[in-house]
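Below is one structure; the comments refer to it alone.
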Amino acid sequence: MIESIISYGLAMGAAYALIAVAYNVMFSTSRVFSFTAGALGMLGGVFGALFIDRLGLPGIVGLLATLACCAVVGVITEFVAVRPVLRSLDQHLYVLSTLALCLMIQQFTAIEWSTVPQRFPQLIPVDLLGIRERFWMPVVACVLVVGGLELLYRHSMIGRAFLAIAEDNFAARALGLPERGLRVASYALAGAIGGLAGFASGGIMLAFFANVSPFNFYGFIPVALGSIGNNRGAVVAGIMLGLFQQATNFLMGGVFSSVAVFGVFIVALLIVPQGLFGEPPARRV
């Protein structure tokens, strides 16, 4: 039982962490929490099964096609659900606009794909170090994404431009940085990351239109616990979430597992509102 808790917990925690990173990437340039992150995760599994299992494309080609399609969905999100809201006086409307787009994507997928969970193809028939593909792939994907983002932010001009926009978009705009173009690029990047989360966890989550809700809700918890914008914190919080969720699932069952997860989440935020890895707000005296 311990081995199952650890293997499933690490895999699901890594998938949740990738969704949390997608949330952070979108938030960094727009100050908007786009609830299409869950839809991107769901589409990663559906597109992966479509391209590889139904159309017969090679695994790497199917992966690249999935990431490209999810990146396009990310860009559509920025144009349709985010940009009009940023022009509005009440910018909190993004909760409705992004959630509405998310539900539209989910229902369209249910109509065109299936309402029944579909199998996700195994890409590598050989286990890695005795570990099945569905358990190690999300972890490897998470490590590669976070490492790649660190390199992007620290050692490239576009990465530094992303950081500048995230720090102060008004000052960055005054310096001549293309805020709108960078925001579109960040949503495309977040779309690819969200799609990778669904693709990598397809062996566990399957290709299922209803995966939107677990990706959305459980993917948001590491954002809050790890502190908003902190990708490393999101990864640590995501792994902790995955392990705790699987442990309670084995001990108490699925429904009680969800209750326990959100109960602990609320208590944790009451104790540390800034997140486990955030700094407490400075108080002026």
Run through all the Cα pairs of region 43-123 and give the fraction in each 10 Å bin from 0, expressed as whole percent. 17, 38, 28, 13, 3
Based on other C-beta atoms within 10 Å, arrange Phe215, Phe170, Phe250 from fewest to most. Phe170, Phe250, Phe215
Over the Cα atoms of region 65-105, compute the convex hull volume and normalise it per residue, giving Å³. 53 Å³
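Within the chain, which whole H helices from DSSP have a Cα span along their axis of at least 18 Å and a mean Kyte-Doolittle hydropathy of -1.0 or more, if any?
What comes out of the filter, once short or polar helices are dropped, is 2-30, 59-77, 94-112, 133-155, 179-200, 212-225, 231-252, 254-271.
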Dipole moment magnitude, nearest 20 debye, the chain about Cα centre, only Lys, Arg, Asp, Glu C-beta charged: 460 debye
Would region 1-88 count as rounded, prolate or oblate if I go by the C-alpha gyration tensor, calling it rounded below 1.5 in a/c and otherwise prolate when a/b exceeds b/c, oblate otherwise? oblate
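Would you order Tyr153, Tyr8, Tyr218, Tyr16 from fewest to most other beta-carbon atoms within 10 Å of each residue's own beta-carbon?
Tyr153, Tyr8, Tyr218, Tyr16
Output the peptides 95-104, 73-82, 17-26 sorted from most to least packed, where packing is the average of other Cβ atoms within 10 Å over each peptide's residues.
Taking the mean over residues of other Cβ atoms within 10 Å, the ranking is 17-26, 73-82, 95-104.
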Ranked from fewest to most other Cβ atoms within 10 Å of their own Cβ, Leu86, Leu10 fall in the order Leu86, Leu10
Enumerate the whole-percent occupancy of each 5 Å bin, from 0 to the last occupied one, for all C-alpha pair distances of region 116-261. 2, 8, 13, 18, 19, 15, 10, 7, 5, 2, 1, 0
Indicate the gyration tensor shape class of region 61-180 (rounded, prolate or oblate), computed on the Cα atoms with a ≥ b ≥ c the square roots of the eigenvalues: a/c under 1.5 is rounded; otherwise a/b larger than b/c is prolate and the rest oblate. oblate
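Since every read-out is calculated from the coordinates, none of them should be taken as a lab result. What you are looking at is a predicted structure, and each value in this text was computed from that prediction instead of being measured. Ideal geometry is used to build each Cβ from the backbone, glycine not excepted, and the neighbour counts take in all protein chains shown.
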